[in-house]
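The values are calculated or read from the model by the stated rules, or taken from the named source; none is laboratory data. These numbers come from a predicted model, not from an experiment. All Cβ positions, glycine included, derive from the backbone under ideal geometry; neighbour counts span all protein chains shown.
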There are 2 protein chains.
Amino acid sequence: MDYPRAVSTDPPTNAEPLRADSARVRARMLRAARERLAAGDTELPMNAIAKAAGVGVGTVYRHFPSRQALLEALAAERFTHLVDAAEQAAAGPDIATELARLLRTALDHQLGDPALAAVLAEPEAARPETRALGQALTTAVDRLLHRARAAGAIRPEITADDVRALFCGLQHAVTVSGDADRDRYVGILLRGLRA
Amino acid sequence: MDYPRAVSTDPPTNAEPLRADSARVRARMLRAARERLAAGDTELPMNAIAKAAGVGVGTVYRHFPSRQALLEALAAERFTHLVDAAEQAAAGPDIATELARLLRTALDHQLGDPALAAVLAEPEAARPETRALGQALTTAVDRLLHRARAAGAIRPEITADDVRALFCGLQHAVTVSGDADRDRYVGILLRGLRA
DNA sequence: ACCTGAACACCGTTCAAGT
DNA sequence: ACCTGAACACCGTTCAAGT
């Protein structure tokens, strides 16, 4: 099969490569946004990003028509890693071990990138690249669940959508409680999923 | 024991009863805020609330020094119900059944009141009433967990703080996935908590 | 084509002036 | 004491004008 491999520097809609200066400007905006996120500012004000990147506000809106689109662009890189991890997990030797590992990886990615956590939790993708990544994730997790069911490693009624929602819930629980409880909460969820 | 029973009409800090007109104004603001929340506006703009309640902005700030304080005032009523439910659960006959019932009740309250969900997830209370409710909840859940451990109904390392964080995670998972999965997710969490 | 930034609407927050 | 609302700073979003 042939999953799209979107990268954070992809243009918003068309498949043409960006002109060099446009790509540079785009990268500057993403860097500025990431710096604000890293600094704990979860708001991502468009005006502030424009100023920090040295561009006009209109340019931010041209590249990212909404804050959601910006968040998805920021999350794209890690989202791709997560999809890779899911595909490897679906193909790994011991499926129960793979499920456990994937849960931990997903949690790490979400805790390491608030943009990814937000994107996984949103009901609808703003950018087609994000939709493609979501579908690739679903496909990989479906494969993993199929094998896990056959091996009697998981309750049969669990779907890929459940796994995604439970990823999000797990991330939220750890955010509320603190990083120290990360492994214990993963364990609780894993036990809850077992057949 | 003697837990404070804060009600949403309590004044922000002192214990003196409010003057009649002040209490009326306060109730109007809370009503206006609730209407906006019910209408799906999760933002709770102070200016808009002031206008809707027919008071000056300064009055909103006088009663609720921060948006968090406003959220906590909105959540107080349901928070009280949740604490009651936890205390009844801790005293109920079959402790495993009580734990399951409490989980469901907490989820219902959080899904029915976004303000409560936000307040349960916040690390620090803005108002003393909220802190008192939080402590009462912890005490009741501790009692419940003590009995559940003795009955071998729950993993021994689970604490009241865990339960609170997992409440929040469960709520988030259901919000991401949709109400239809509510009972299944409660089941997953319960299985994960079992000894 | 792409970028700029002024312009307008709106919200957060404060505080001098009113009752 | 308590309330009012003007005032200032800031952010979202659009769009006419520039290159």
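Among the candidates A:Ala195, A:Ala165, A:Ala126, which residue alone is within 14 Å of chain B (Cβ to nearest Cβ), outside any helix (DSSP H, G or I) and small (Gly, Ala, Ser)? Working first, answer last.
Values: A:Ala165 fails: outside any helix (DSSP H, G or I); A:Ala126 fails: within 14 Å of chain B (Cβ to nearest Cβ).
Unique residue meeting the criteria: A:Ala195.
Residues in the stretch B:175-192 that are over 13 Å from B:Leu99 (Cβ atoms) and part of a helix (DSSP H, G or I): 11 in all.
Just name the residue that is nearest to the chain's Cα centre (by Cα) out of those in the stretch A:77-133 that are of a type in the set (Val, Ile, Thr) and either buried (at least 22 other Cβ atoms within 10 Å of the Cβ) or closer than 28 Å to A:Gly152 by Cα (or both). Looking at residues that are of a type in the set (Val, Ile, Thr) and either buried (at least 22 other Cβ atoms within 10 Å of the Cβ) or closer than 28 Å to A:Gly152 by Cα (or both), I get A:Val119.
I'd like the residue in the stretch B:43-59 that is away from chain A (no Cβ under 14 Å) and within 22 Å of the chain's Cα centre (by Cα) and, out of all such residues, is farthest from DNA strand D (Cβ to nearest atom). Talk me through it step by step, then tell me what you get.
Let us first name the residues in the stretch B:43-59 that are away from chain A (no Cβ under 14 Å), namely B:44-59.
Those left that are additionally within 22 Å of the chain's Cα centre (by Cα): B:44-46, B:49.
Values: B:Leu44: 16, B:Pro45: 12, B:Met46: 10, B:Ile49: 11 Å.
Looking at the filtered set, the residue picked out is B:Leu44.
Taken as a whole, the condition of being farther than 20 Å from B:Val186 by Cβ and either surrounded by 17 or more Cβ atoms within 10 Å (Cβ to Cβ) or within 13 Å of chain B (Cβ to nearest Cβ) (or both) applies to A:Val141. Tell me whether the stretch B:74-92 contains one or more residues that are within 16 Å of DNA strand C (Cβ to nearest atom), over 22 Å from B:Ala160 (Cα atoms) and aliphatic (A, V, I, L, M). The answer is yes; a qualifying residue exists. With respect to the conditions (1) more than 16 Å from DNA strand C (Cβ to nearest atom); (2) within 30 Å of A:Met29 (Cα to Cα), A:Pro65 falls short on a single one, namely (1). Of the residues making up the stretch A:52-61, those that are assigned to a helix (DSSP H, G or I), within 9 Å of DNA strand C (Cβ to nearest atom) and surrounded by fewer than 17 Cβ atoms within 10 Å (Cβ to Cβ) number 3.
Is it true that B:Gly152 is in contact with a Phe, Trp or Tyr (Cβ under 9 Å, 6 or more places away or on another chain) and either aromatic (Phe, Trp, Tyr) or more than 10 Å from chain A (Cβ to nearest Cβ) (or both)? No; evaluated as a whole, the condition is false for this residue.
Which of the residues that make up the stretch A:150-174 are over 16 Å from A:Leu103 (Cβ atoms) and either touching a Gly at 6+ places or on another chain (Cβ under 7 Å) or in contact (Cβ under 8 Å) with a residue 24 or more places away in the chain (or both)? If you could, list the steps in order and put the result at the bottom.
Applying the first criterion (over 16 Å from A:Leu103 (Cβ atoms)) to the stretch A:150-174 yields A:150-152, A:156-157.
Answer for the stretch A:150-174, where residues must be over 16 Å from A:Leu103 (Cβ atoms) and either touching a Gly at 6+ places or on another chain (Cβ under 7 Å) or in contact (Cβ under 8 Å) with a residue 24 or more places away in the chain (or both): A:Ala151, A:Gly152, A:Pro156.
Every listed requirement among (1) more than 16 Å from DNA strand D (Cβ to nearest atom); (2) within 14 Å of chain B (Cβ to nearest Cβ) is met by A:Arg67 save one, (1). Could you give every pair whose Cβ atoms fall below 7 Å, whose first residue belongs to the stretch A:19-32 and is in a helix (DSSP H, G or I), and whose second residue is more than 7 Å from DNA strand C (Cβ to nearest atom) and hydroxyl-bearing (Ser, Thr, Tyr), counting only separations of at least 6 or pairs across chains? Taking only residues 6 or more apart or on different chains, the pairs are A:Ala23/A:Thr9; A:Arg26/A:Thr9; A:Ala27/A:Thr9; A:Leu30/A:Ser8.
Within the stretch B:77-95, residues that are of a type in the set (D, E, K, R) sit with their Cβ atoms under 7 Å from residues that are in a helix (DSSP H, G or I) and modelled with pLDDT of 95 or more, at 6+ positions apart or across chains, in these pairs: B:Arg78/B:His109; B:Arg78/B:Leu116; B:Glu87/B:Ala140. Here A:Leu133 clears all of (1) within 14 Å of chain B (Cβ to nearest Cβ); (2) closer than 19 Å to A:Gln88 by Cβ except the condition numbered (1).
Any residue in the stretch A:9-18 that is at pLDDT below 90, over 23 Å from A:Gln110 (Cα atoms), more than 12 Å from DNA strand D (Cβ to nearest atom) and among the hydroxyl-bearing types (Ser, Thr, Tyr)? Looking through the stretch A:9-18, at least one residue is at pLDDT below 90, over 23 Å from A:Gln110 (Cα atoms), more than 12 Å from DNA strand D (Cβ to nearest atom) and among the hydroxyl-bearing types (Ser, Thr, Tyr). Taken over the stretch B:62-76, the criterion of being surrounded by 14 or more Cβ atoms within 10 Å (Cβ to Cβ), within 22 Å of the chain's Cα centre (by Cα) and of a type outside the set (Asp, Glu) is satisfied by B:His63, B:Phe64, B:Pro65, B:Arg67, B:Gln68, B:Ala69, B:Leu70, B:Leu71, B:Ala73, B:Leu74, B:Ala75, B:Ala76. Go through the stretch A:70-102 and give me each residue that's acidic (Asp, Glu) and in a helix (DSSP H, G or I). Selection gives A:Glu72, A:Glu77, A:Asp84, A:Glu87, A:Glu98.
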